[in-house]
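Have a look at the structure below, then the notes.
What follows is calculated from the coordinates using simple rules that are stated; it is not laboratory data. For clarity, every value in this text was computed on a predicted model and none was experimentally measured. Because the Cβ atoms are built from the backbone with ideal geometry, glycine has one as well, and the counts that use them run over all protein chains shown.
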Amino acid sequence: MGREKRAIPDGPELAPSRCLNRHKQQNEQHQRQHLSFNAIFHLRASYQCGVSFYETLAGLYPLSESKFGATVRGMNSTIHMVDLIGQHAKIQPELDAAMRRVLETGAFVKGPEVMAFADELSKFTGSKHVIPCGNGTDALQIALMALGIGPGDEVITTGFTFISTVEVVALLGATPVLVDVHPDTFTIDPAQVDAAVTSKTKAIVPVHLFGQMADMDALMDISERTGIPIIEDNAQAIGAAWCGNSGRHGQSGTMGLIGTTSFFPSKNLGCMGDGGAVVTSDDAVAERCRQIANHGMSKQYHHDVVGINSRLDGLQAAILRVKLQHLPGYLRARQQAAARYDEMLNGLSGVQTPVREQRSSHVFHQYTLKVEAAKRDALRNYLSEAGIPTGVYYPVPGHAQKAFARFNYNHSSFPVSSDLAGRVISLPMHTELDEEQQRFICDSIRNFID
């Protein structure tokens with residue numbers, strides 16, 4: 001069976017309005033391919049399937065009620081932290097058809113679905129190359145290896161993130177140089193990045209945390225002035241867009257030399273297992289990444305460099321092809337849910353709703369509040385008793401992790417990260433949230449605060 005040709009959705013309407021006019025004036029073709037936020041693609045497959053593969057997979061990946069949600073007394077629906085079952089049910093025929101294609105071809109590793117997904121994601125992001133791989137952690141490691149980073153090198157990043165960002169640097173024998181984050185956006189502080197640059201610095205790794213981009217204007221200025229490449233950790237912000245004051249613009253993950261992302265099921269673009277990708281518009285870097293991800297092979301059984309084995313399998317690629325068509329709508333649904341939270345929590349004393357970076361869109365992988373540290377855990381317990389799940393991302397920043405003790409971080413150098421670890425609380429955020437659920441969540445928070 002040949003590769004199916006598909007129309008690719010343009011990026012959703014995510015950028016500040018002033019950016020849309022600038023893009024049209026500067027480069028209409030670039031707008032269509034990279035940042036055309038007005039055209040929304042809706043595709044419904046019309047396959048006939050005798051067996052529901054989705055029902056089988058739903059049994060393999062159940063949602064734990066204790067972790068992700070519980071039925072709320074007085075409501076007919078369950079509030080989930082992440083509702084993949086509800087999301088997938090709406091596109092079940094498309095998922096069934098996609099998985100059937102893989103079963104019929106037997107192309108479970110590499111194959112046409114993986115190649116087609118790479119092409120489609122390339123068109124969606126505007127990046128010239130997409131190298132699918134096993135997961136987001138592998139994507140970061142492959143990117144670092146492609147730059148030859150190893151013992152004696154330094155990589156500047158943030159510890160207020162999932163451990164993978166720091167872990168892969170340490171795994172390669174390099175030194176993770178951690179700097180603090182902005183107290184409102186939670187993204188890496190460019191001034192501290194600039195101060196941390198040394199002759200040993202080989203990469204800067206900003207994390208586009210919770211769904212919005214780090215200050216790419218300032219970070220790109222540093223990169224261009226020093227020649228130090230940027231690897232964007234874009235696991236949480238795929239589809240976000242930057243519209244800088246300096247005229248820089250682009251989708252998240254495409255502005256630095258390399259971008260990496262994750263397709264973990266709970267991500268905004270998630271599969272039904274593990275998956276990840278490296279993106280770049282540099283031909284030489286792309287070739288190195290492909291080689292490293294495939295045991296360092298240049299051609300079959302010829303290994304030119306030491307690599308790893310990291311592949312996106314055919315079933316996951318087929319699922320991602322379906323969900324990519326719906327991604328603009330998914331992102332808008334998250335933005336709409338965030339706007340409802342904003343309105344419902346407006347004016348609540350001691351609660352700071354997410355601060356938007358005005359030059360970045362926000363695609364809300366998480367909706368994270370800042371509350372008083374003395375009340376955070378009590379609030380979580382109160383909401384849990386009401387059947388409302390919450391999350392804390394992240395309770396222990398990288399500088400305080402036991403695994404990184406050998407780097408002897410000065411804990412006093414990270415006052416913002418340490419403060420956030422005790423104050424942040426993330427509310428349920430997904431495409432299936434409805435107003436009734438959010439009203440119950442916000443009324444419960446108000447009841448606790450009052």
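In what sequence do His129, His365 fall when counting other Cβ within 10 Å, fewest first?
Values: His129 19, His365 25.
Placing the least packed residue first, the sequence is His129, His365.
Within 10 Å, Cβ to Cβ, of Gln438, how many net charges do the neighbouring residues add up to if Lys/Arg are +1 and Asp/Glu are -1? Display every interim value, and only then the final one.
Numbers: positive: Arg340, Arg439; negative: Glu343, Asp434, Glu435, Glu436, Asp443.
Once all neighbours under 10 Å are counted, the net charge is -3.
Please tell me which of these pairs span more than 32 angstrom C-alpha to C-alpha: Lys202/Lys323; Lys128/Lys267; Lys128/Lys323; Lys202/Lys267; Lys200/Lys267? Could the numbers behind the result be given before it?
Working: Lys202/Lys323 35 Å; Lys128/Lys267 23 Å; Lys128/Lys323 21 Å; Lys202/Lys267 29 Å; Lys200/Lys267 34 Å.
Over 32 Å Cα-Cα: Lys202/Lys323; Lys200/Lys267.
So if the hydrodynamic radius of region 327-449 is defined as the Kirkwood radius over C-alpha pairs, what does Stokes-Einstein give as its diffusion coefficient at 25 °C and 0.890 mPa s, in µm² per second?
Values: Rh = 15.8 Å.
Answer from the Stokes-Einstein relation: 156 µm²/s.
Per residue of region 343-359, what does 6.51 cos²θ - 1.76 cosθ + 1.60 with θ = phi - 60° give for ³J(HN,Hα)? Whole Hz please, x for Gly and Pro, Karplus curve as stated.
Each residue of region 343-359 in turn: 5, 6, 9, 4, x, 7, 4, x, 10, 9, 6, x, 8, 8, 6, 5, 8 Hz.
Could you please state, rounded to a whole Å, how far the C-alpha centre of region 161-183 is from the C-alpha centre of region 376-450?
21 Å
Calculate the dipole size of region 111-319 relative to its Cα centre from +1 charges on Lys and Arg beta carbons and -1 charges on Asp and Glu beta carbons; express the result in debye to the nearest 20.
On the way: 11 positive and 23 negative charges, 83 e Å.
My answer is approximately 400 debye.
Under a cut-off of 16 Å between alpha-carbon atoms, report the aspartates and glutamates in cross-link reach of Lys402, not counting same-chain residues fewer than 8 places apart.
Within the straight-line limit of under 16 Å, Lys402 reaches these aspartates and glutamates: Glu167.
Quick check for me: using +1 on Lys/Arg Cβ and -1 on Asp/Glu Cβ, what's the dipole size of region 317-450 about its Cα centre, in debye to the nearest 20? Write down the numbers at each step before the final one.
Details: 16 positive and 13 negative charges, 130 e Å.
Dipole magnitude for region 317-450 comes out near 620 debye.
Using only alpha carbon pairs under 8 Å that are at least six residues apart, calculate the relative contact order of region 322-431 and give it in whole percent.
36 percent
Rounded to whole Å, give me the distance from the Cα center of region 126-153 to that of region 206-244.
Taking the Cα centre of each part, region 126-153 and region 206-244 sit 16 Å apart.
If you count, for each residue, the other Cβ atoms within 10 Å and average over each peptide, how do 101-111, 311-321 line up from highest to lowest? List each step's numbers first, then the result.
Working: 101-111: 15.2, 311-321: 25.0.
Sorting 101-111, 311-321 by mean packing, highest first, produces 311-321, 101-111.
Which listed residue (Val130, Thr261, Val177) has the Cα farthest towards the positive end of the charge dipole for region 111-319, taking +1 on Lys and Arg C-beta and -1 on Asp and Glu C-beta about the Cα centre?
Farthest towards the positive end: Val130.
Using packing as a proxy for protection, rank 433-439, 327-333 so that the peptide with the highest average count of other Cβ atoms within 10 Å comes first. Please report the intermediate quantities before stating the final value.
Values: 433-439: 16.4, 327-333: 19.9.
Per-residue Cβ counts within 10 Å, averaged per peptide and sorted highest first, yield 327-333, 433-439.
Given +1 on the Cβ of Lys and Arg, -1 on the Cβ of Asp and Glu, and no further charges, what dipole in debye does region 336-381 carry about its Cα centre, rounded to the nearest 20?
Its charge dipole is roughly 80 debye.
Quick check: convex hull of the Cα atoms in region 111-319, volume per residue, rounded to a whole Å³?
Details: hull volume 23.3 nm³, N = 209.
Enclosed volume per residue, from the Cα hull, is 112 Å³.
Which order, highest average first, do 153-166, 85-98, 228-241 follow once you tally other Cβ atoms within 10 Å for each residue and take the mean per peptide? Walk me through the intermediate numbers first.
On the way: 153-166: 24.4, 85-98: 18.6, 228-241: 26.6.
Per-residue mean Cβ counts within 10 Å order the peptides as 228-241, 153-166, 85-98.
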